[in-house]
Amino acid sequence: FLETETGERMVQTFVNFLKEAKMVRVVIMGGPGSGKSTYSEYIIRHFGIKHIYPGGLLRKEIDKGGPDGQKIKNLLDQGKFAPNDIVLKLIRKEVASATKGYVLDGYPRYMQQVRDMEKFGIGYDVVVFLDVDKEEVIKRLTKRGRADDKPDIISDRIALYKKETGPAIDYFKRQPGFVSIKAQGKEPGDIAKDIIKEIQNEL
């Protein structure tokens, strides 16, 4: 028999090993101007995990050329979304190579993508929902000064987001690991600390 103290130490070492080995898989959700990419950066730096951002993956695909790249470019140029099957293929590839974990930033957008995640085993530990008032979103986005950042256009984008992504958020609210963060009224660094603390509580 091992001495109790030595045995306890071995158990603690094993527990620590499991903690270090555990993947951290986060889905970050929120409307336009909620700060998804900003807070994703804080999370990936803190946990040392991969940032999986469909917009960036699609741009890379366009830069590579080829039939998929051309198909994506044509659709995006018309203001349409990239085909779901292409987005899924790119996400699955990134997830497969993420050894320590990942942040899914801007995916899933709607219920079909939630179902795809379940079908293809794209797992998550925590869903972080960035809760920001409509007035705050309009204030943030009009500050950017882009041509399409006018209050009426922003309102349309918020309405579209609620229609498309609202059901996916409602679904995740009913699952374990859902956290809602008020992502306004404080410095981004302080909000990021709140997010990281909530993620650690859920792991």
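The values are calculated or read from the model by the stated rules, or taken from the named source; none is laboratory data. Here the structure is a predicted model, which means the values were calculated and not measured. Because the Cβ atoms are built from the backbone with ideal geometry, glycine has one as well, and the counts that use them run over all protein chains shown. Ligands, DNA and RNA are excluded from the accessible area calculation, which covers all protein heavy atoms including side chains. Shrake-Rupley method; radii C 1.70, N 1.55, O 1.52, S 1.80 Å.
Between the amide H of G101 and those of V24, K50, distances stay under 5 Å, these residues lying 5 or more places away or on another chain, with hydrogens modeled in the peptide plane.
Taking the Cα centre of the range 123-203 as the origin and placing charges on Cβ (Lys, Arg +1; Asp, Glu -1), which of P167, A147, F178 is farthest toward the positive end of the dipole? Working it through, the farthest residue towards the positive pole turns out to be A147.
When M117, M111 are compared by accessible surface with a 1.4 Å probe, the order from highest to lowest is M111, M117. Bridges between two residues of the chain, per DSSP, are antiparallel at a rate of about 0%. Report the FRET efficiency, 1/(1 + (r/R0)^6), for Y171 and K71, where r is their Cβ-Cβ distance and R0 is 41 Å, rounded to 0.05. Efficiency, from the Cβ-Cβ distance: 0.90. Once the Cα atoms of helix 151-173 and of the chain are each reduced to a long axis, what angle between those two axes, in degrees from 0 to 90 to the nearest 10, is obtained? Roughly 30 degrees, rounded to the nearest 10.
Hull surface divided by four, with the convex hull built on the Cα atoms of the range 96-203: how many nm²? Each step should come with its number before you reach the end.
Working: hull surface 32.8 nm².
Result: a mean projected hull area of 8.2 nm².
Mind putting a number on the dipole of the range 41-99 about its Cα centre? Charges go on the C-beta only, +1 for Lys and Arg and -1 for Asp and Glu, and I need it in Debye to the nearest 20.
Numbers: 11 positive and 7 negative charges, 16 e Å.
For the range 41-99, the charge dipole is close to 80 debye.
A Förster radius of 22 Å combined with the Cβ-Cβ distance from K93 to K139 puts the calculated FRET efficiency at roughly 0.05.
Using the Cβ-Cβ distance between L203 and E118 with R0 set to 22 Å, the FRET efficiency works out to roughly 0.60. Annotation: amide H of G30 within the under-5 Å range of L130, sequence separation 5 or more or interchain, hydrogens built in the peptide plane. Of all the options I52, I181, I169, the one that moves most in a Gaussian network model of the chain with Cα springs shorter than 10 angstrom is I181. Would you mind checking the range 76-101 for residues with the amide N under 18 Å from a putative spin-label position 7 Å along Cα→C-beta of H46? Hits in the range 76-101 for H46 at 18 Å: 100-101.
Charging the Cβ of each Asp and Glu at -1 and of each Lys and Arg at +1, and nothing else, the dipole of the chain about its Cα centre rounds to 620 debye. The angle separating the long axis of helix 66-77 from the principal Cα axis of greatest extent in the chain is about 60 degrees.
The residues of the chain expose, per residue, 59 Å² of accessible area to a 1.4 Å probe.
Computed about its Cα centre, the charge dipole of the range 100-203 is approximately 160 debye, with only Lys, Arg, Asp and Glu carrying charge at their Cβ.
Heavy-atom accessible area for K64, with the other protein chains in place and a 1.4 Å probe, reaches approximately 140 Å². For the chain, the fraction of C-alpha pairs farther apart than 24 angstrom is 48 percent.
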